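Following: one structure in structure tokens, then a few remarks.
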Amino acid sequence: MVAGIIFLLLLVLLVGYVITIYNNLVRTRNEVKLAWSNIDVLLVQRHDELPKLVDVCKRYMQHEQETLERVTQARSQVDTARHSGDVGSVSAAEGAMRGSLANLYAVAERYPDLKADTMFRNLSARVSALETAIADRREIYNDAANAQNVRIETFPDAMVAGLFNFAPERLLKFDAAQKTDVDVGLAFSR
């Protein structure tokens, strides 16, 4: 009788412990989703601002269609990657976006009237602010993804994670060229 009660008590404690681990894994997984949705909101906002910026530039840069098309293509690539939900694709598309925007701003330097346009200045500032916010949210996302990955790789969480198919989260990584400042001099030499 006493052995049965002890066994039942241990079973209840074990089940409670597994439930606690599962709930903590769900919490960290949801933190990753929240961090990603914060990035996604900013990507959508930037996605909405870029056509306006390109339209303003078109008024002044009639001979720079290739530059404007690169921004439009990069915008499309980011949107496609964002909808796929693949962090690696978003990372690559973001690199292309950063390059096309750097080139656009470098070419805009040759157009004093464009640089003086209030709408261009406001849109440029808005896109730059969104870029900064996206970079900040990348760090938060990577912290949340790393926390989730550590949990599902450590004992005893790894056993519960395996039992309930918790998959590792991909970090939003960037190659060395994407981490460095944009070389505006190189953009002018094109």
query = What about Ser89, is it buried (at least 20 other Cβ atoms within 10 Å of the Cβ), in contact with a helix residue (DSSP H, G or I) (Cβ under 6 Å, 6 or more places away or on another chain) and without any contact (Cβ under 8 Å) to a residue 40 or more places away in the chain?
reply = no
query = Are any of the residues in region 69-80 aliphatic (A, V, I, L, M) and closer than 30 Å to Ala167 by Cβ?
reply = yes
request  = For residues that are aliphatic (A, V, I, L, M) and either surrounded by fewer than 13 Cβ atoms within 10 Å (Cβ to Cβ) or on the phi > 0 side of the Ramachandran plot (or both), tally how many sit in region 106-134.
outcome  = 2
query = Which residues, taken from region 115-157, are of a type in the set (D, E, K, R) and in a helix (DSSP H, G or I)?
reply = Lys115, Arg121, Arg126, Glu131, Asp136, Arg137, Arg138, Glu139, Asp143, Arg151, Glu153, Asp157
request  = Please find, within region 1-37, the residue that is surrounded by the most Cβ atoms within 10 Å (Cβ to Cβ) out of those that are free of Cβ contacts under 8 Å to residues at least 60 places away in the same chain, closer than 27 Å to His83 by Cβ and of a type outside the set (Val, Ile, Thr).
outcome  = Lys33
key: Flag for Asn165 being more than 22 Å from the chain's Cα centre (by Cα) and on the phi > 0 side of the Ramachandran plot   = yes
query = If you go through region 128-151 one residue at a time, how many are over 30 Å from Asn24 (Cβ atoms), out of contact with any Lys or Arg (no Cβ under 6 Å at 6 or more places or on another chain) and aliphatic (A, V, I, L, M)?
reply = 1
request  = Name the helices (runs of 4 or more DSSP H) wholly inside region 1-114 in which the number of residues that are hydrophobic (A, V, I, L, M, F, W, C) and under 22 Å from Asp143 (Cβ atoms) is 2 or more.
outcome  = 2-60, 87-108
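Where a number appears in this text, it was derived from the coordinates with a stated rule and is not lab data. Since the model is a prediction, treat every value here as computed from it, not as a measurement. Cβ sites come from the backbone with ideal geometry, for glycine too, and all protein chains shown count toward neighbours.
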